[in-house]
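The values are calculated or read from the model by the stated rules, or taken from the named source; none is laboratory data. Treat the numbers as computed from the prediction; the structure is a model and nothing was measured. Virtual Cβ from ideal backbone geometry, glycine too; neighbours counted across all protein chains shown. Accessible surface areas use protein heavy atoms only, side chains included; no ligands, DNA or RNA. Shrake-Rupley method; radii C 1.70, N 1.55, O 1.52, S 1.80 Å.
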Amino acid sequence: MSANAPSSRRLSPPDILARKGGAPIVCLTAYTTPIARIADPHCDILLVGDSLGMVVHGLPSTLGVTLEMMILHGRAVQRGSSHALLVIDLPFGSYEEGPEQAFRSAARVMQETGAGAVKLEGGQHMAETIAFLVARGIPVMAHVGLTPQAVNVFGGYKVQGRAADAARVRADARVAAQAGAFSVVLEKVPERLAREISEDIAIPTIGIGASAACDGQVLVIDDMLGLFAGFHPKFVRRYAELGQLADAAVAAYAEDVRARRFPGPDHVFADDGPG
């Protein structure tokens, strides 16, 4: 069970905000009910990330993910969890047009999934939108540094915030906090910059490819379980190799079927008896 976590209700954005500088915040992505059931008792935040486009649907990036896809998976995770704060990404194209569009998208996500907050990418250029949503009752987790929805602008999944670019990332995090975000994801930024930002702003920082000095950490669950066979980012620690175990299990099943060892006597029904 997570540190300081109430046992009788879901964690809320104010609960996460209150953890600034305290016990580290544990966050993982989740996209399905079974995975949510496994992760929920151990996590403070379950993030239905738009990474589901790549991890679950085999898309080349997050850009093809739709609002309907996020809602579908958000509902699944909500059904499988009861403790962690449920945060759902707003996908590309659903909020960048302006605050009003962002509100319509965020309100629909929260109404149809029961999520406690939404996440959107961007800092300085999203300040007005963050403030607009928060003022209308929608808690916002911000996301700065490497923002995957802008991967074409960055020219790939490159480290952000090196040298002179550090000022931009630092300003993005500071402005997101000032606009009312209750936390901010720092993705793929140098360790020293992540540490400085975490010390500078008053809201929790959630690192992914950042620093242990962040107020919390997030990983894509399929990466840390060794299920996703795509690329293997440096910042991922693989806590298991379930993909290899699954491959071996499927191979054994296929061999048994071809050899007529399965189904065996224990797996079939007699003319009379139970079942």
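So here's what we get for this one:
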quantity	calculated
Odd one out for A102, checked against (1) buried (at least 24 other Cβ atoms within 10 Å of the Cβ); (2) touching a residue at least 40 places away in the same chain (Cβ under 8 Å)	(2)
Residues of the stretch 115-137 that turn out to be surrounded by fewer than 22 Cβ atoms within 10 Å (Cβ to Cβ), without any contact (Cβ under 8 Å) to a residue 40 or more places away in the chain and at negative phi, as a count	3
Members of the stretch 41-70 that are among the hydroxyl-bearing types (S, T, Y) and over 19 Å from L86 (Cα atoms)	S61, T62
All helices (runs of 4 or more DSSP H) inside the stretch 1-102 with 2 or more residues being at pLDDT below 95 and aliphatic (A, V, I, L, M)	52-55
Positions within the stretch 18-41 being under 24 Å from H232 (Cα atoms), in contact with a strand residue (DSSP E or B) (Cβ under 7 Å, 6 or more places away or on another chain) and not aromatic (F, W, Y), in sequence order	I25, V26, C27, L28, T29, A30, A36, A39
Selection within the stretch 45-73 - in contact with a Leu (Cβ under 6 Å, 6 or more places away or on another chain) and either of a type in the set (D, E) or closer than 13 Å to Q149 by Cβ (or both)	G53
Filtered residues of the stretch 29-44 (kept if closer than 18 Å to Q149 by Cβ and in contact with a Gly (Cβ under 6 Å, 6 or more places away or on another chain))	T29
Condition met for S12 (open to solvent by 10 Å² or more (accessible area, probe 1.4 Å), touching a Leu at 6+ places or on another chain (Cβ under 8 Å) and closer than 14 Å to S183 by Cβ)	yes
Criterion violated by G155 - all others in (1) crowded, with 20+ Cβ neighbours inside 10 Å; (2) free of Cβ contacts under 8 Å to residues at least 12 places away in the same chain satisfied	(1)
Residue in the stretch 63-78 that is within 16 Å of V218 (Cβ to Cβ) and in contact (Cβ under 8 Å) with a residue 60 or more places away in the chain present	no
Output for the stretch 104-149, where each listed residue is in contact with a strand residue (DSSP E or B) (Cβ under 8 Å, 6 or more places away or on another chain) and of a type in the set (D, E)	E121
Check on D172, modelled with pLDDT of 95 or more, of a type outside the set (A, V, I, L, M), assigned to a helix (DSSP H, G or I) and touching a helix residue (DSSP H, G or I) at 6+ places or on another chain (Cβ under 8 Å)	yes
